[in-house]
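The values are calculated or read from the model by the stated rules, or taken from the named source; none is laboratory data. The shown structure was predicted, so the numbers you read here are calculated from the model rather than taken from an experiment. Glycine also receives a Cβ, built like all others from the backbone with ideal geometry; neighbour counts cover every protein chain displayed.
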Amino acid sequence: MTLISRRQFSIALGTTAAWPIMARAQQRVLPVIGYLDPQPLDVSEEARRVFRQGLKDKGFVDGENVAIETQFAGHQMERLQGLLAELIRRRVAVIVAASGPISVAASKATATIPTPVVFMVPEDPIRLGLVDNLARPGRNMTGINFFNNELVAKRLGLLHELVPTAQRVAVLVNPAEAIIAETLLREVEPAARAMGLQIQLYEASSGTEINAAFAAMARARPDALFVSQGPFFAARRVQLVNLASRHAIPAVYSNRASAQVGGLLSYGTDRLNWYWQAGIYVGRILKGEKASDLPVVQSTKFELVINAETARMLGISVPPGLLAIADDVIE
């Protein structure tokens, strides 16, 4: 048996104990992206996958050279302030605000700190107070404007063209998404008057309230339904489409996914492209560009999707003119 001196043992022990400390010191501290999602985990995976692809296209991979800290609001807007405060406390490198209400909350939360924010909003970000100028935002924020609110009149017009005999149109909004609801009503009411349509307003901010709203529609018997945009109704699209079918109400939606699950008509921008572009912008910021110098991206491609099978079920004959301009007709 080999004997070593007490001094040699102490040196060996000290060297061994130092290894974990040295290893930790050698580990790189990854920049953290604070990703704040309004939707529950189970309905946002595809969008987050596309976001990660945008990041990858700029050279960043989650877990390798960047870390993504995702917080889910789960449509509970009252949780926003706490979630934002936690991301700010962690000193994240950039915040991704994946909805209009979250973007406005992030703007207020970062007003006195330099943390950059990449937003995704359905209306003019200048009107929302997020930026000073679209070409040069001038603050700590930039992002994507996907024009859903600006498309309200167009979406209502397409519904009227598909159902020309309609006179009373139910409008379903989520009062918990106050900014979206207020903007929609500001746009839809004058558009309806110009088309000679009467608006009947219904509100819902939970699955139970959606059921109650359709029960009220069944009694009032509107001629058509206009479903507001927003993350909550996008997540509840199957429930909405099933209820509209059960009550035989022709309905228009803002996202392709609703038409794909049986909705009659949708008109809006390519939703997944927003997330890819957000990933690109986050990557550019991580490489040293300033959010204030990155122009707000404005969607330029709008999709009209018609579900011909649903139209037949409702006894609606789709005008040839609509079929000709549709980006997709689902048979």
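Are any residues in segment 250-284 closer than 14 Å to Ser228 by Cα, modelled with pLDDT of 90 or more and among the polar types (S, T, N, Q), and if so, which ones?
Ser254, Ser258, Ser266
So which residues in segment 251-296 are surrounded by fewer than 23 Cβ atoms within 10 Å (Cβ to Cβ) and farther than 26 Å from Val96 by Cβ?
Across segment 251-296, the qualifying residues are Val261, Gly262.
Of all residues in segment 122-137, how many are under 20 Å from the mean Cα position of the chain (by Cα), surrounded by 20 or more Cβ atoms within 10 Å (Cβ to Cβ) and at pLDDT 90 or above?
Number satisfying all stated conditions: 3.
Of all residues being touching a Pro at 6+ places or on another chain (Cβ under 6 Å) and over 28 Å from Ala278 (Cβ atoms) in segment 138-168, which is surrounded by the fewest Cβ atoms within 10 Å (Cβ to Cβ)? Just the residue, please.
Filtering first and then ranking leaves Arg168.
Here's a check for you: in segment 259-317, which residue that is in a loop (DSSP other than H, G, I, E, B) and in contact with a Lys or Arg (Cβ under 8 Å, 6 or more places away or on another chain) is farthest from Ala234 (Cα to Cα)? Break it down stepwise before answering.
Here is the first cut: in segment 259-317, the ones in a loop (DSSP other than H, G, I, E, B) are 261-264, 270, 287-290, 294-296, 299-301, 314-317.
Adding the requirement that they be in contact with a Lys or Arg (Cβ under 8 Å, 6 or more places away or on another chain) leaves 261, 263, 270, 287, 294-295.
Values: Val261: 11, Gly263: 12, Asp270: 13, Lys287: 33, Leu294: 28, Pro295: 27 Å.
Per the stated criteria, the residue is Lys287.
Here's a check for you: in segment 34-43, which residue that is at pLDDT below 85 and in contact with a helix residue (DSSP H, G or I) (Cβ under 8 Å, 6 or more places away or on another chain) is nearest to Gly283 (Cα to Cα)?
Just the residues of segment 34-43 that are at pLDDT below 85, to begin with: 37-43.
Imposing the further condition that a residue be in contact with a helix residue (DSSP H, G or I) (Cβ under 8 Å, 6 or more places away or on another chain) reduces the set to 37-40, 43.
Details: Asp37: 18, Pro38: 22, Gln39: 23, Pro40: 25, Val43: 24 Å.
Once the filter is applied, the top-ranked residue is Asp37.
Sort out which residues of segment 217-233 are farther than 16 Å from Ile179 by Cα and assigned to a helix (DSSP H, G or I), and write them in order of number. Spell out the reasoning first.
Within segment 217-233, the subset farther than 16 Å from Ile179 by Cα is 217-226.
If the condition is that a residue be farther than 16 Å from Ile179 by Cα and assigned to a helix (DSSP H, G or I), then Met217, Ala218, Arg219, Ala220 are the ones that fit.
Just checking, how many residues over segment 297-331 are of a type outside the set (Asp, Glu), under 24 Å from His247 (Cα atoms) and surrounded by fewer than 14 Cβ atoms within 10 Å (Cβ to Cβ)?
Qualifying residue count, segment 297-331: 5.
Anything in segment 187-224 that is among the basic types (Lys, Arg) and over 14 Å from Arg246 (Cα atoms)? List them, or say none.
Going residue by residue through segment 187-224, those that are among the basic types (Lys, Arg) are 193, 219, 221.
Residue satisfying the conditions is Arg193 alone.
Taking the options Ala224, Ala235, name whichever one is touching a His at 6+ places or on another chain (Cβ under 9 Å), in the same structural domain as Glu182 (by TED's automatic domain parsing) and more than 23 Å from Glu161 (Cα to Cα). It would help to see each step written out before you state the result.
Working: Ala224 fails: more than 23 Å from Glu161 (Cα to Cα).
The conditions single out Ala235.
Just to check your reading of the model, which residue among Val96, Val92, Val117 is modelled with pLDDT of 90 or more and in contact with an Asp or Glu (Cβ under 7 Å, 6 or more places away or on another chain)? Please lay out each step first, then the result.
Details: Val96 fails: in contact with an Asp or Glu (Cβ under 7 Å, 6 or more places away or on another chain); Val117 fails: in contact with an Asp or Glu (Cβ under 7 Å, 6 or more places away or on another chain).
Step by step, each of Val96, Val92, Val117 is checked, and only Val92 is modelled with pLDDT of 90 or more and in contact with an Asp or Glu (Cβ under 7 Å, 6 or more places away or on another chain).
Out of all the residues in segment 148-167, is one or more assigned by TED's automatic domain parsing to the domain that holds Asp223, in contact with a His (Cβ under 7 Å, 6 or more places away or on another chain) and not charged (D, E, K, R)?
yes
Can you name every residue in segment 295-331 that is within 30 Å of Arg284 (Cα to Cα) and either of a type in the set (Ser, Thr, Tyr) or in contact with a Cys (Cβ under 6 Å, 6 or more places away or on another chain) (or both)? If you could, list the steps in order and put the result at the bottom.
Looking only at segment 295-331, we keep the residues that are within 30 Å of Arg284 (Cα to Cα), and these are 295-303.
Listed by number, the residues that qualify are Ser299, Thr300.
In this structure, does Gly230 turn out to be over 26 Å from Pro319 (Cα atoms), outside the structural domain of Ile316 (by TED's automatic domain parsing) and not hydrophobic (A, V, I, L, M, F, W, C)? Break it down into steps so the answer makes sense when it comes.
Details: over 26 Å from Pro319 (Cα atoms): yes; outside the structural domain of Ile316 (by TED's automatic domain parsing): no; not hydrophobic (A, V, I, L, M, F, W, C): yes.
It is false that Gly230 is over 26 Å from Pro319 (Cα atoms), outside the structural domain of Ile316 (by TED's automatic domain parsing) and not hydrophobic (A, V, I, L, M, F, W, C).
Can you tell which of Leu201, Leu184 is surrounded by fewer than 16 Cβ atoms within 10 Å (Cβ to Cβ) and either in a helix (DSSP H, G or I) or modelled with pLDDT of 95 or more (or both)?
Details: Leu184 fails: surrounded by fewer than 16 Cβ atoms within 10 Å (Cβ to Cβ).
Exactly one of Leu201, Leu184 is surrounded by fewer than 16 Cβ atoms within 10 Å (Cβ to Cβ) and either in a helix (DSSP H, G or I) or modelled with pLDDT of 95 or more (or both), namely Leu201.
How many residues, within segment 121-159, are aromatic (Phe, Trp, Tyr) and in a helix (DSSP H, G or I)?
The first filter runs over segment 121-159 and keeps only residues aromatic (Phe, Trp, Tyr), leaving 146-147.
Next cut, in a helix (DSSP H, G or I) only: none.
Matching residues across segment 121-159 total 0.
All but one of (1) modelled with pLDDT of 90 or more; (2) not assigned by TED's automatic domain parsing to the domain that holds Gly279 hold for Lys58, so report the exception by its number.
So Lys58 meets the others, but not (2).
Specify which of the listed residues (Ala170, Ala213, Ala176, Ala191) is more than 18 Å from Pro38 (Cβ to Cβ), in contact (Cβ under 8 Å) with a residue 12 or more places away in the chain and outside any helix (DSSP H, G or I). Give the derivation first.
Numbers: Ala213 fails: outside any helix (DSSP H, G or I); Ala176 fails: more than 18 Å from Pro38 (Cβ to Cβ); Ala191 fails: outside any helix (DSSP H, G or I).
Just a single option satisfies the conditions, and that option is Ala170.
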